[in-house]
Amino acid sequence: MSINQNTSSPRDAQWREELRKATPVKERTSIPRVKMPELPADYRVTCNEEVNQGLSAEAAVLEARRCMDCPDPQCVTGCPVNINIPGFIKNIERGEFGKAAVVLKETSALPAVCGRVCPQEKQCESRCLYHKMKKDPVAIGYLERFAADYERINGTASADVKPLKSNGIKVAVVGSGPAGLSFAGDMIKRGYEVTVFEALHEIGGVLKYGIPEFRLPNDVVDVEINALAALGVKFVKDCVVGKTISYDDLHEMGFRGVFVASGAGLPRFMGIPGENFVGVMSSNEYLTRINLMGAGRDGYDTPVLKGRNIAVIGGGNTAMDSVRTARRMGAERAMIVYRRSEAEMPARAEEVKHAKEEGVEFMTRHNPVEYLADEKGRVKTMRVQRMQLGEADASGRRSPVPVEGDVVDIPVDLVVVSVGVSPNPLIPNSIKALEVSRRGTIVVDDATLKSSVDDIYAGGDIVRGGATVILAMGDGRHAAASMHEQLMYTNQ
């Protein structure tokens, strides 16, 4: 398949012109936005089944009809990987679901993943023309998931998606998360011999260890990974670059370029008294034990602490994943403790909605200041300070400040801290010539994503310090284009 995007469904194609004429604008804009079918809350907290059930074909076609097929589609500019959004949606409208998936895969290596976990409301859907009409935007994420799932369930993967003839150049990818997989997908389509090195025993990175199956089933991730393997991408598990093998080893193995996409798996804590007590843990550890290592599932003996009263500190998607997981692990009282207001939570609105439906309590404008333990050293009390919003900080967000004297004690037997992550220092420490920021992130050129070492590029959380799946994927595509340009230039 050609690496050029937007090739299979141009706007001036006759079928798209006919499709636009077939339904008047007034009729399109009168169609209400589709609702996503969901499992009932009282059932879903008893299991790990996916909450969102996906659209029917009829619902997807109707929602696709809402799309105006704009001549200057702003939704595309809001997508970090520049998916041809109108192109795939119009294919759904005409019932060509397999072709819609082909359009998605022109630019996205993980459409079934992105359709589930991307913050579309802050990206593509935020640019939709319907906002100017004071109407709900087209459900781009739901339609992306529909097309990708249709291909997965019906086995209609396009025979057109094939790697180009090998150019004989080997490139290595460090980490199999979204940045690494996106890079691998673009480079294999350009004819490179791509090997992905993963430190853990399963491929997928944060898609496997960080995101619960009730939001992103592992079999969905595996299908996307298997598609890359079918294109020729090689995967090596249980291999820690910087420890199992070195940067010099990669050179000896014949790799001409290296893309570092090792993520940010080093948890942060708040530095308050009592964080070392038993029962205070990071969201990274909590979710990894449960999602990747099977804690709490039949046939697995991975231990994980459980509790009746659980507090999760933070307001992002990882915090929502943690608190909703806690409910499924049997917590009777599960709380989100967040120092700002709910309106300022970075978590997706849908995740907040689902958490509330599942009985999660939201203790906003509160911040833990200390943990107390019982005689065995197990956390038993969380001391929280009520906060109020003060002056805006440099980012424009109002900074939370304490309300003097307003401190309360809340009984807890498990605390999960989800206040951010830092990059693992292994690779930066093992390659001395690599320039690293004060935060431990790899410094890259914004235009190319090249590091201070000529053949090393980097992207995703190892550069950003913590971001979304789709931004990581965008970095993977960006780095692939830059490395390809350099390798082709030096290969002439």
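The values are calculated or read from the model by the stated rules, or taken from the named source; none is laboratory data. None of these values were measured; they are calculated from a predicted model. Methodologically, a virtual Cβ is constructed for each residue, glycine included, from the backbone with ideal geometry; neighbour enumeration extends over all protein chains shown.
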Filter region 107-143 down to the residues that are over 19 Å from the mean Cα position of the chain (by Cα) and surrounded by 24 or more Cβ atoms within 10 Å (Cβ to Cβ), then identify the one that is farthest from Pro37 (Cα to Cα).
Cys128
Give region 439-464 a look and list any residue that's crowded, with 22+ Cβ neighbours inside 10 Å and acidic (Asp, Glu), or say none.
Asp461
Of the candidates Ile431, Ile456, Ile470, the one satisfying the condition of being over 22 Å from Gly316 (Cβ atoms) and modelled with pLDDT under 95 is Ile431
Which numbered condition Lys376 fails, given (1) in contact with a strand residue (DSSP E or B) (Cβ under 9 Å, 6 or more places away or on another chain); (2) touching a residue at least 60 places away in the same chain (Cβ under 8 Å); (3) surrounded by 14 or more Cβ atoms within 10 Å (Cβ to Cβ); (4) farther than 13 Å from Gly314 by Cα:
(3)
Where residues in region 49-70 are small (Gly, Ala, Ser) and touching a Lys or Arg at 6+ places or on another chain (Cβ under 8 Å), which of them is surrounded by the fewest Cβ atoms within 10 Å (Cβ to Cβ)?
Gly54
First in region 120-148 and in the same structural domain as Gly95 (by TED's automatic domain parsing), second anywhere and basic (Lys, Arg) and not in a helix (DSSP H, G or I), Cβ under 6 Å, 6 or more apart
Asp136/Arg33; Ala139/Arg33
Give region 446-462 a look and list any residue that's in contact with a helix residue (DSSP H, G or I) (Cβ under 7 Å, 6 or more places away or on another chain) and assigned to a helix (DSSP H, G or I), or say none.
Asp461
Scanning region 325-340 for residues that are in contact (Cβ under 8 Å) with a residue 60 or more places away in the chain and touching a strand residue (DSSP E or B) at 6+ places or on another chain (Cβ under 8 Å), the one farthest from Val412 (Cα to Cα) turns out to be Arg340
For a quick check of your reading: which strands (runs of 3 or more DSSP E) sit entirely within region 357-430 and have at least 3 residues that are among the β-branched types (Val, Ile, Thr)?
379-392, 398-411, 414-417
May I ask you to list the residues in region 465-489 that are free of Cβ contacts under 8 Å to residues at least 40 places away in the same chain and either surrounded by 19 or more Cβ atoms within 10 Å (Cβ to Cβ) or over 13 Å from the mean Cα position of the chain (by Cα) (or both)?
His478, Ser482, Glu485, Met488, Tyr489
With (1) within 28 Å of Gly279 (Cα to Cα); (2) not assigned by TED's automatic domain parsing to the domain that holds Arg333 as the list, and Asp446 as the residue in question, which single condition is left unmet?
(1)
Can you say whether Pro411 is touching a residue at least 40 places away in the same chain (Cβ under 8 Å) and surrounded by fewer than 15 Cβ atoms within 10 Å (Cβ to Cβ), as far as the supplied structure shows?
yes
Cβ-Cβ under 6 Å, sequence separation 6+ or interchain: first residue in region 438-455 and closer than 21 Å to Arg477 by Cβ, partner among the acidic types (Asp, Glu). Which pairs?
Val443/Glu435
Residues that are out of contact with any helix residue (DSSP H, G or I) (no Cβ under 7 Å at 6 or more places or on another chain), surrounded by fewer than 16 Cβ atoms within 10 Å (Cβ to Cβ) and at pLDDT 95 or above: does region 385-397 have at least one?
no
Return a yes/no flag: does region 151-174 have any residue that is at pLDDT 95 or above and closer than 29 Å to Glu50 by Cα.
no
